[in-house]
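No value in this document is a laboratory result; all are computed from the given coordinates. Keep in mind that what you see is a predicted model, and the values were worked out from it rather than measured. Positions of Cβ are generated from backbone atoms using ideal geometry, with glycine treated the same way; all protein chains shown enter the neighbour counts.
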């Protein structure tokens, strides 16, 4: 499911998704990107790359791979889309649905509404949440304004273990030391967006 798209520093893409970027290390990922003409092999900067973030992926065994449509060409460099109104698009959709069911993925995605665009709200994973929250706060700490990416964390307002969701509205971008204090209950953010420090040592519950 498509969740989000933006241009990200390569370090942030690696921090958020690690090997899910398709490489075993940040160094290997940089080497692969440097094969493209716009990036020099000796470029040591935290250069930006275009990212398309997908959530809830599933993978088929090779024996179950779906045949490539005849209209697909390897030299396509821009977005190629298929719609369920077309025979090829409908075949792809039905094949995906069938495989999802056979792989124990429930009933698959919602049935398409023919001829009408359909907005689906994907469930964000931890990596996608980091990217979306950092972009929501313009990659600056909500408290201090710090903008050094390695020093910033996406924090859950309501902890995930307590039922909080991986959603942008449940996220704060905080400097890492403030994130630690927030999780430990030393500081909090009130419903009217005030940053407050605890008047007494925190106990095991969030203030």
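Observations on the structure shown:
- Here the calculated FRET efficiency for residue 97 and residue 23, from their Cβ-Cβ distance with R0 = 35 Å, stands at 0.65, rounded to the nearest 0.05.
- Whole-number percent relative contact order across the chain, with pairs defined as alpha carbons under 8 Å at least 6 apart: 16
- With R₀ set to 45 Å, the beta-carbon distance separating residue 190 from residue 52 gives a calculated FRET efficiency near 0.80.
- Crossing angle, helix 126-136 versus the chain [Cα axis fit, 0-90 degrees, rounded to tens]: 70
- Taking only Cα atoms of segment 1-68, radius of gyration then Dmax in Å: 14.2, 42
- Peptides 63-72, 27-36 ranked from most to least packed by the mean count of surrounding Cβ atoms within 10 Å: 27-36, 63-72.
- Considering helices alone, the calculated mean residue ellipticity of the chain at 222 nm is -7500 deg cm²/dmol, with DSSP H runs of length four and up weighted by -39500 (n - 2.57) and normalised per residue.
- Remark: C-alpha extents of the chain on the principal axes read 67, 47, 30 Å, sorted largest to smallest.
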